[in-house]
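S.K.: The structure under discussion is supplied below as structure tokens; questions concerning it will follow.
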Amino acid sequence: MNRVWKSTLVGCIMLFLCGCWDGKNIQYFNFVNMIGIDYIDGKYKIYAQINDLASMAKQEGSGNTPNPIVVGVGEGESIGMAMFDLLKESQMRMDWTQTKAFIFSDRMLAKGIFNIHDDLMRTRDQRYTPWVFATNEDLRKILSTKPITGNSSINTVYYQPNLLYKQMQSSFEPLNYQRFIRSSREPFETMLLDHIKLSESWDKDGKPFTLPTVDGLVALKKGKSEVRFNRKEASGVKWLKERTLRGILPIKDDHGIFIGTAALKNNKVKKTAAYKNDKRIVKIEISMDASIREQKKPLKLNEMNMLIKKNVVDEITKTYELGKKRSVDIYSLNEVCYRKGLTVNEDIPELELDIKVNLLAANMFELRD
């Protein structure tokens, strides 16, 4: 009998329950898609890009009506206070779960990322998955850039930089926030972060059109920026990454005359730390496959192979020497020594290179010994 009464009571209680008691309509939220953070005159500024949900989705028959991009701004003595300041005028509840990119100003990175990391990640809404960039541009303009085609703001480099990287395979490998923080905590690793600038090289409807582009790398150590390198200066970085599936190399002869380009792929990199003449050295062995894309001058197979090898060595060495001149261990050679148990100081180890290039294809050109 007691069992029957208990079952009846439970059944009555369940009648008053509904499955969506905490459901919320998404039209009553402001979804933040990108966050920019600056540090000016002793105060933090946070910029939030908010997009209409309709602009994020693919719609049929929607025409070419432009969707506005809204950028909100908050300011405070801490990043937490700046976020609260942003909320005051948001009109509706802010949702941070859809954040796809963090963009930090050069001033912010000079102060140090760990000054804001705890407050930035304190809300359970925030994730470690957004892409991370640096810039010295106005963050309002950075967050207001629109795509070349279409109405959706997700068709910009901020949202899917990995797709452009796969095509270009340049020195600029995009980082998500998880990798960014993890590597920044390593004692002897130099973190290389993509640096964004605004360009007006393209036209739209006959007028200059503003687009974001990666113009170089920022070197950070222990969460603070040290030096910025432009595209040319950082060209050697890609050859030391096994994740570089295909890199394009301009080939120049001994007189510096351009004679063609080669596509290099299948990088295999081995780093060995040791002592030589009482100095720390890191020997880097790289093997890669090559194919000729352009050729302006007839050369034999062994001549072209030697030129490709020479140009790879030149790019790696120039980037290393430039970093050393600026007191930046751009290839994280000290981190290699640290992992091998060698005594490490602030001096940058010497670099020894052993490059092997296997020329697989000459395409339409004949290269013979």
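S.K.: Examine the stretch 172-189 for a residue that is part of a strand (DSSP E or B) and either within 13 Å of the chain's Cα centre (by Cα) or not basic (Lys, Arg) (or both), and state whether such a residue exists. Steps first, answer last, please.
M.R.: First, pick out the residues of the stretch 172-189 that are part of a strand (DSSP E or B): 175-176.
Narrowing further to those that are either within 13 Å of the chain's Cα centre (by Cα) or not basic (Lys, Arg) (or both): 175-176.
Looking through the stretch 172-189, at least one residue is part of a strand (DSSP E or B) and either within 13 Å of the chain's Cα centre (by Cα) or not basic (Lys, Arg) (or both).
S.K.: Residues in the stretch 224-247: is at least one in the same structural domain as Lys141 (by TED's automatic domain parsing), under 22 Å from Pro147 (Cβ atoms), buried (at least 20 other Cβ atoms within 10 Å of the Cβ) and not acidic (Asp, Glu)?
M.R.: No, because not a single residue in the stretch 224-247 is in the same structural domain as Lys141 (by TED's automatic domain parsing), under 22 Å from Pro147 (Cβ atoms), buried (at least 20 other Cβ atoms within 10 Å of the Cβ) and not acidic (Asp, Glu).
S.K.: I need a count of the residues in the stretch 53-93 that are surrounded by 15 or more Cβ atoms within 10 Å (Cβ to Cβ) and at pLDDT below 80.
M.R.: 4
S.K.: So in the stretch 312-355, with the set limited to residues that are polar (S, T, N, Q) and buried (at least 18 other Cβ atoms within 10 Å of the Cβ), which one is farthest from Met191 (Cα to Cα)? Show your work before the answer.
M.R.: Applying the first criterion (polar (S, T, N, Q)) to the stretch 312-355 yields 317, 319, 327, 332, 334, 343, 345.
Narrowing the set further to residues that are buried (at least 18 other Cβ atoms within 10 Å of the Cβ) leaves 319, 332, 334.
Working: Thr319: 15, Ser332: 8, Asn334: 13 Å.
For the stretch 312-355, the residue satisfying everything is Thr319.
S.K.: If you don't mind, there's one more thing I want to ask. Checking the conditions here, which among Gly256, Gly260 is touching a residue at least 24 places away in the same chain (Cβ under 8 Å) and among the small types (Gly, Ala, Ser)?
M.R.: Gly260
S.K.: Which residues, taken from the stretch 248-261, are within 13 Å of Lys297 (Cβ to Cβ) and surrounded by 13 or more Cβ atoms within 10 Å (Cβ to Cβ)?
M.R.: Ile251, Lys252, Asp253, Ile259, Gly260, Thr261
S.K.: Across the stretch 103-150, which residue is surrounded by the fewest Cβ atoms within 10 Å (Cβ to Cβ) among those that are among the aromatic types (Phe, Trp, Tyr) and under 17 Å from the mean Cα position of the chain (by Cα)? Working first, answer last.
M.R.: Here is the first cut: in the stretch 103-150, the ones among the aromatic types (Phe, Trp, Tyr) are 104, 114, 128, 131, 133.
Now narrow it down to the ones that are under 17 Å from the mean Cα position of the chain (by Cα): 104, 128, 131, 133.
Numbers: Phe104: 26, Tyr128: 12, Trp131: 22, Phe133: 24.
Going through the qualifying residues, I end up with Tyr128.
S.K.: Next question. Could you give me the residue pairs with C-beta distances under 8 Å whose first residue belongs to the stretch 182-209 and is in the same structural domain as Leu143 (by TED's automatic domain parsing) and among the acidic types (Asp, Glu), whose second residue is surrounded by 12 or more Cβ atoms within 10 Å (Cβ to Cβ) and assigned to a helix (DSSP H, G or I) wherever it lies, and which are 6+ apart or on separate chains?
M.R.: From residues that are in the same structural domain as Leu143 (by TED's automatic domain parsing) and among the acidic types (Asp, Glu), the pairs are Glu186/Glu335; Glu189/Ser183; Glu189/Glu335; Asp194/Pro161.
S.K.: Quick one: what pairs do we get from the stretch 267-278, first residue in the same structural domain as Leu245 (by TED's automatic domain parsing), second outside any strand (DSSP E or B) and of a type in the set (D, E, K, R), C-beta under 6 Å, 6+ apart or different chains?
M.R.: If the second residue must be outside any strand (DSSP E or B) and of a type in the set (D, E, K, R), the pairs left are Asn267/Glu242; Val269/Glu242; Ala273/Lys340.
S.K.: If Lys166 passes every condition in (1) touching a residue at least 60 places away in the same chain (Cβ under 8 Å); (2) assigned to a loop (DSSP other than H, G, I, E, B) but one, which one does it miss?
M.R.: It is condition (2) that Lys166 fails.
S.K.: While we're here: Check the stretch 236-247 and report whether any residue there is farther than 30 Å from Ser105 by Cα and assigned to a strand (DSSP E or B).
M.R.: yes
The values are calculated or read from the model by the stated rules, or taken from the named source; none is laboratory data. Nothing here was measured: the structure is a model prediction, and the numbers come from that model. Every residue, glycine as well, gets a Cβ built from its backbone with ideal geometry; the counts of neighbours run over all protein chains shown.
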